[in-house]
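A quick write-up on the structure given underneath.
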Amino acid sequence: MKATKDQIIFLNNLRNSGETNMFGAGAYLEEFFNLKKSDARKILADWMNNFSTYKEIKDEVCDAKSVIRN
C-alpha cells in the first residue's frame, strides 16, 4: 500500500517533531487517518522504504502535533 501525500507529510512532520521513534508511528497513522493497524503498517513501511524520496515532500496540510497524546 502506497502512502498518500498527506500521509507522507504527516510522517515527515511527526519525524521532525521528535515525538516518537518512527517504528511506533503506525499508531499515530491509525489514529489520525482512521486506519486499520495492518494498513497503517503498510503505509509506514512504504514511507520508510522510500524515505530518501519522501523526505523532500513538504506542506502545511497536516500537523503531527495535533495527534500527540497527553
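Restrict the search to the range 1-36; then list the trypsin sites (Lys or Arg not before Pro) that DSSP places in a loop and that have at most 10 other Cβ atoms within 10 Å of their Cβ.
Those satisfying the criteria are Lys2, Lys36.
So how strong a dipole does the range 1-50 carry about its Cα centre when Lys and Arg Cβ are +1 and Asp and Glu Cβ are -1, to the nearest 20 debye?
In total the dipole reaches around 180 debye.
Kindly report the accessible area of the range 1-47 per residue (heavy atoms of protein chains, probe 1.4 Å, no ligands, DNA or RNA), in Å².
Heavy-atom SASA per residue in the range 1-47 reads 55 Å².
The values are calculated or read from the model by the stated rules, or taken from the named source; none is laboratory data. Predicted, not measured: the structure shown is a model, and the values here were computed from it. Cβ coordinates were reconstructed from backbone atoms using ideal geometry, including for glycine residues, and neighbour counts include every protein chain displayed. Ligands, DNA and RNA are excluded from the accessible area calculation, which covers all protein heavy atoms including side chains. Shrake-Rupley method; radii C 1.70, N 1.55, O 1.52, S 1.80 Å.
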